[in-house]
Amino acid sequence: MLAIHQRLAELYTLSRQRPLTGDEETEQRHCLQANAMYCWEMARLNNEAVLAAHTNDARWQQEISAQMYEVRVTGKAGKRPK
């Protein structure tokens with residue numbers, strides 16, 4: 001779980017108890033944007049992993065696995081090899 005996911009849970013819980021402040025709403029939008037980028041990146045990598053598996057490309061699968069781990073830990077993938 002990334003810090004943005006934890007903060008989203010906190011903001012959601014607060015919003016159930018009281019209206020969020022303007023700063024909290026801004027923070028929630030930023031967290032939602034970061035979460036969307038995280039989800040799209042993981043979806044892309046999952047699709048690439050399926051392609052690598054179907055083509056029996058073990059090297060590519062290893063690269064994708066490393067990128068997926070990096071995204072899970074940091075929220076972003078590093079540069080992709082060419």
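The values are calculated or read from the model by the stated rules, or taken from the named source; none is laboratory data. Remember, it's a predicted structure, so these values are computed and weren't measured experimentally. Every residue, glycine as well, gets a Cβ built from its backbone with ideal geometry; the counts of neighbours run over all protein chains shown. Protein only, heavy atoms only, side chains kept; ligands, DNA and RNA dropped before computing areas. Shrake-Rupley method; radii C 1.70, N 1.55, O 1.52, S 1.80 Å.
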Within the stretch 22-36, the residues that are of a type in the set (Gly, Ala, Ser) and within 20 Å of ALA3 (Cα to Cα) are ALA34, ALA36
Kindly establish whether MET1 is of a type outside the set (Asp, Glu) and exposed (fewer than 15 other Cβ atoms within 10 Å of the Cβ).
-> yes
Over the stretch 37-70, the set of residues hydrophobic (A, V, I, L, M, F, W, C), under 17 Å from ALA3 (Cα atoms) and either modelled with pLDDT under 95 or open to solvent by 50 Å² or more (accessible area, probe 1.4 Å) (or both) is MET37, CYS39
Matching residues in the stretch 11-36 (open to solvent by less than 80 Å² (accessible area, probe 1.4 Å) and closer than 20 Å to GLY75 by Cα) number 8
